[in-house]
Amino acid sequence: ISRRNFLALSLTGIRVTTMAMPTFQDHKWTAEADVLVIGAGGAGLSAACAAVDLRLSSLILEKTGFPGGSSLLCNANYAVGGTDEQKKKNIQDSPRLFAADMVALGRGFAKPEVVEVFSRAALVQYNFMTKTLKTFPDNIAKAAGMSVPRGHIFNAPDVIDKMLTRRS
């Protein structure tokens with residue numbers, strides 16, 4: 001008998017039984033909201049804040065036991081071009097230059113028109129954070145793919161807390 005046949009014969013007698021077990025009991029609940037937000041990170045909480053500004057109710061679903069999401073993981077390092085803080089530091093940047101850097105970094109995979117809209121929206125969000133929430137970056141850093149410093153580094157827990165407070 002060959003080793004291969006011996007192994008095949010040996011494995012045919014092995015049977016593994018597994019059963020999926022739910023980790024939580026089923027909960028039945030009903031809720032109504034104008035806006036359903038998936039995730040309580042910076043983007044999700046921003047959507048919930050926008051709903052408040054539009055006088056809409058929102059329901060936030062978060063998979064973890066705490067808010068913050070990736071914004072906490074990256075310490076709220078927010079890339080945006082054309083900010084007042086950049087101007088104060090004589091950093092020549094704009095949403096258009098930000099978009100050009102992203103398109104170049106994407107090496108043909110990024111659609112310029114989509115990136116252009118994203119870079120303009122990033123500045124709108126940044127202005128919401130600084131002008132409405134009154135939270136400001138501690139520093140501006142240059143990272144990979146940036147032709148100028150545009151990584152605005154915020155105190156992430158402060159940003160999340162201010163969004164949660166505004167959303168309430």
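The values are calculated or read from the model by the stated rules, or taken from the named source; none is laboratory data. Model, not experiment: these values are computed from the prediction. Cβ atoms come from the backbone with ideal geometry, glycine included; neighbour counts cover every protein chain shown. Heads up: the accessible areas ignore ligands, DNA and RNA and are worked out on the full protein's heavy atoms, side chains in. Shrake-Rupley method; radii C 1.70, N 1.55, O 1.52, S 1.80 Å.
Residue by residue, here is whether (1) open to solvent by less than 40 Å² (accessible area, probe 1.4 Å); (2) out of contact with any Lys or Arg (no Cβ under 8 Å at 6 or more places or on another chain); (3) without any contact (Cβ under 8 Å) to a residue 24 or more places away in the chain holds:
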{"residue": "Val52", "(1), (2), (3)": "no, no, no"}
{"residue": "Gly65", "(1), (2), (3)": "no, yes, yes"}
{"residue": "Gly69", "(1), (2), (3)": "yes, yes, no"}
{"residue": "Cys74", "(1), (2), (3)": "no, yes, no"}
{"residue": "Asn77", "(1), (2), (3)": "no, yes, no"}
{"residue": "Val80", "(1), (2), (3)": "yes, no, no"}
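Filtered by the rule that a residue be hydroxyl-bearing (Ser, Thr, Tyr) and either in contact with a His (Cβ under 6 Å, 6 or more places away or on another chain) or crowded, with 20+ Cβ neighbours inside 10 Å (or both), segment 82-107 gives a lone residue, Thr83. Inside segment 121-153, residues that are of a type in the set (Lys, Arg) and buried (at least 17 other Cβ atoms within 10 Å of the Cβ) make up a count of 1.
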